[in-house]
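What follows draws every value from the coordinates through simple rules; no lab data is involved. Just so you know, these numbers come straight off a predicted model, no measurement behind them. Note: ideal-geometry Cβ built from the backbone for every residue, glycine included; neighbour counts use all protein chains shown.
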Amino acid sequence: MTEHWTARDVPDQTGRVAVVTGANTGLGFETAQVLAERGASVVLAVRDVEKGKQAAARFGAGADVTVQELDLASLESVRTAAAELHTALPKIDLLINNAGVMYPPRQTTREGFELQFGTNHLGHFAFTGLLLDLLLPVPGSRVVAVASIAHRLRAAIHFDDLQWENSYDRVAAYGQSKLANLMFGYELQRRLAPHGTTVALAAHPGVARTELMRNSPAALRGVFSAVAPLFTQDSARGALPILRAATDPGALGGQYYGPDGLGGYRGHPEVVSSSPQSHDLALQRRLWEVSEELTAVEYPVG
């Protein structure tokens with residue numbers, strides 16, 4: 001009988017430094033907690049510092065956990081956070097881009113980007129680029145992009161209207177942002193490969209019961225609550241694909257981890273497939289170029 005991968009399989013992380021965005025709750029908290037339990041020094045990169053401190057207080061005695069303010073909806077905040085982390089950290093072994101927003105009414109980031117695309121993709125794109133010099137010298141370092149099965153749901157990169165200014169569909173806009181997360185991860189791996197030290201992977205949690213659904217329309221939340229036990233899993237299980245991508249010694253750059261159950265909704269963490277669209281090299285490169293232009297962040301690789 002095949003042994004399924006669990007949090008018990010996370011290797012010793014002593015001496016490693018992990019930065020986890022959105023780590024005060026849900027998947028980010030569960031991921032950060034396991035890494036800290038295995039000995040990693042963990043930075044909770046969060047928008048609300050007070051909530052971050054409350055989350056840090058929930059870690060076990062002796063855990064090496066710090067809180068870093070990071071508002072991914074503000075490139076100024078992203079730059080400030082990256083500068084402060086350069087002062088605080090000698091290196092980064094793991095960067096886990098987990099934070100996100102889902103299905104809000106149309107809003108914009110500080111720079112005027114549609115909130116889901118601006119936060120989920122552009123904020124993480126800029127944050128990763130500004131921190132990459134702390135990862136590149138570290139053998140075995142990893143960047144993990146947290147995507148979603150929603151990258152298949154009415155998802156496309158709308159280069160003619162990336163910010164949804166002509167019309168707004170919150171579900172399609174979320175799909176665009178999660179497709180962008182995945183395409184960014186694949187393109188980043190291609191650019192990192194010649195350097196031989198840092199790799200990029202992606203993961204998705206299936207359908208995890210977290211606070212992410214709080215912005216959904218009331219009717220959708222009602223349906224979700226009614227059927228949730230049938231096809232969802234708790235945040236601890238949802239974090240397992242992220243943890244496996246981040247720590248499994250056998251994981252390879254460019255792999256995508258998710259639950260192995262029907263539809264990818266729930267199950268044990270395994271390498272899974274993503275949509276054909278997500279593997280389109282021309283679209284990946286175009287998205288990368290547009291993202292560099294919009295964020296004014298140029299990567300030291302590529």
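Summary of values
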| read-out | value |
| --- | --- |
| Bridge type composition, the chain - antiparallel percent by DSSP, nearest 5 | 15 |
| Overall form of the range 18-105 per C-alpha gyration tensor (a/c, 1.5; a/b vs b/c) | oblate |
| Mean-position separation - Cα centroids, the range 179-201 and the range 1-29, in angstrom | 20 |
| Residue of 129, 15, 206 that the Gaussian network model of the chain assigns the largest fluctuation, springs spanning Cα pairs under 10 Å | 15 |
| Approximate shape of the range 7-292 as ellipsoid semi-axes (Cα gyration tensor, √5λ), whole Å, largest first | 25, 22, 20 |
| Pairwise label distance in nanometres, residue 111 with residue 8, each label 7 Å out on the Cα-Cβ vector | 4.5 |
| Choice from 269, 104, 194 with maximal GNM fluctuation in the chain (Cα, 10 Å cutoff) | 194 |
| Virtual spin-label span in nm between residue 159 and residue 86, 7 Å along Cα→Cβ | 3.1 |
